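Structure first, commentary second.
Here, each number is a calculation from the coordinates, and none is a lab measurement. None of the values given here were measured: they were computed from a predicted structure.
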Amino acid sequence: MNNLKTILVITGLILYISSCSQRQNPSVSELLNNKSQQVSIMTYIANNHQMMTNMLSHMTDNGHAMQMMMQNGPMMQGVMNMAEKDSISGQSMMNMMMQQQGMMNMMMSKMMQNPEMIKTMMNMISQNPGMMKMMQEKSMMGGKGMMH
């Protein structure tokens, strides 16, 4: 009888321990369906440099995410405002744009349609003689002088 009790207790313990260890972690979708957990996860990612770097990498590799960011006017305006206020960010953005010939041509074309912008550019060029040479080297003016 003692042997039977011992076997039952051991079997019960084994079943209890195995049922505890078989408890599965919730799936990602289960975690994100809970609004408070979703906010906690996103806040954690946004406040953790390495996680945010990984998230940005995933977003820039995803066409849908890139399209959503580009169509988000307030976000894009925030980026432009930051670049305008912070000279390092502004320089970085300008350098990225300078490396994209198509982007530069599109921007110059759009600027040339605005008479006020032409006047501002003419003033900038007159105050910075090297600017005209740089613009010609970058083919920003389609190989033509602006003064014609």
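Data table
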| item | result |
| --- | --- |
| Between helix 87-98 and the chain: long-axis angle, C-alpha atoms, 0 to 90°, nearest 10 | 80 |
| Kirkwood-based shape ratio for the stretch 41-121, expressed as Rg/Rh from alpha carbons | 1.06 |
| Cα long-axis angle, helix 49-60 against the chain (0 to 90 degrees, to the nearest 10) | 70 |
| For q = 0.17, 0.25 Å⁻¹, Debye-computed log10 I/I(0) when each Cα of the stretch 81-136 counts as one equal scatterer | -0.68, -1.24 |
| Degrees, to the nearest 10: 101-112 long Cα axis against longest axis of the chain | 50 |
| Relative contact order (%) - criterion: Cα under 8 Å, at least six apart; region: the stretch 20-143 | 10 |
| Distance histogram for the chain (every C-alpha pair counted, 10 angstrom bins, percent rounded to whole numbers) | 8, 20, 23, 14, 11, 8, 5, 5, 4, 2, 1, 0 |
| Value at 222 nm in deg cm²/dmol, rounded to 500, when DSSP H runs of n ≥ 4 in the chain each add -39,500 (n - 2.57) | -25000 deg cm²/dmol |
